[in-house]
1. Which of the residues that make up the stretch 39-67 are open to solvent by 60 Å² or more (accessible area, probe 1.4 Å) and under 15 Å from Ser23 (Cβ atoms)?
2. Hey, any hits in the stretch 73-93 for a residue that's crowded, with 16+ Cβ neighbours inside 10 Å, over 43 Å from the mean Cα position of the chain (by Cα) and assigned to a loop (DSSP other than H, G, I, E, B)?
3. Looking only at the stretch 128-142, decide whether some residue is of a type outside the set (A, V, I, L, M), part of a loop (DSSP other than H, G, I, E, B), open to solvent by 90 Å² or more (accessible area, probe 1.4 Å) and farther than 25 Å from Asp162 by Cα.
4. I'd like to know if the stretch 94-102 contains one or more residues that are closer than 30 Å to Thr47 by Cβ and in a loop (DSSP other than H, G, I, E, B).
5. Looking at Asn154 and the list (1) under 30 Å from Asp114 (Cβ atoms); (2) open to solvent by 20 Å² or more (accessible area, probe 1.4 Å), which single condition is not satisfied?
6. Starting from residues that are open to solvent by 20 Å² or more (accessible area, probe 1.4 Å) and over 11 Å from the mean Cα position of the chain (by Cα), keep the ones in the stretch 94-114 and report whichever is nearest to Thr59 (Cα to Cα).
Amino acid sequence: MTHPFMCISPPNTHKPTLNATASDHPLNTDHPLNTDHPLNTDHPLNTDHPLNTDHPLNTDHPLNTDHPLNTDHPLNTDHPLNTDHPLNTDHPLNTDHPLNTDHPLNTDHPLNTDHPLNTDHPLNTDHPLNTDHPLNTDHPLNTDHPLNTDHPLNTDHPLNTDHPLNTDHPLNTDHPLNTDHPLNTDHPLNTDHPLNTDHPLNTDHPLNTDIGILHTENCAVVAIIYS
């Protein structure tokens, strides 16, 4: 029998449970604000996780484009050593940028004098079609070089036989003052041509009446023949 003023309490069903939102525990990876756990990728300030792409200082993630030292991302233009980005002009080996003058193979820049195929630079002497350089001897139309023998108007080269005013070449028969060619009949001092009747010492011409050489057995007698 029970006492009239006595009550029986129900069974104790309350059990202590873990606090699911305890952000203070270093092993609680489920809380988005737990920055102390190295595997908590949900927190934007957790720089310790290599997959946390949300933190601007996380240099360990290859897709973190916000960090200026992340060289692993192909779109990170802020790093001077990122050669994978076509707009990174700070790297001397980035050949994909048209304004990168530091690379010897960048043919797209008009001031890149280091490339042998850059025809746009007036000082590029390595290209055979660069006619703008006075020392480019490889172009047949470069008349400014004294050793360019391929141009017919280059009078400065002693071996250019194609120019009618080049008196320095012994085979240039077109110049009236070229006395070195035996077939130049236009010069009055060319004694080597048998048809040059204008020279008083040309003994080979039958019409040269100004001098005659008579040969004897002992000596040669010069006789003036008057017509």
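The values are calculated or read from the model by the stated rules, or taken from the named source; none is laboratory data. This structure is a prediction, so every number in the text was calculated from the model and none was measured. FYI the Cβ positions are ideal-geometry reconstructions off the backbone, even for glycines, and counts take in every protein chain you see. These area figures cover heavy atoms from the full protein model, side chains too; ligands, DNA and RNA do not enter into them. Shrake-Rupley method; radii C 1.70, N 1.55, O 1.52, S 1.80 Å.
1. Answer for the stretch 39-67, where residues must be open to solvent by 60 Å² or more (accessible area, probe 1.4 Å) and under 15 Å from Ser23 (Cβ atoms): Leu39, Asp42, Pro44, Leu45.
2. no
3. no
4. Yes, there is a match, as at least one residue in the stretch 94-102 is closer than 30 Å to Thr47 by Cβ and in a loop (DSSP other than H, G, I, E, B).
5. It is condition (2) that Asn154 fails.
6. Asp96
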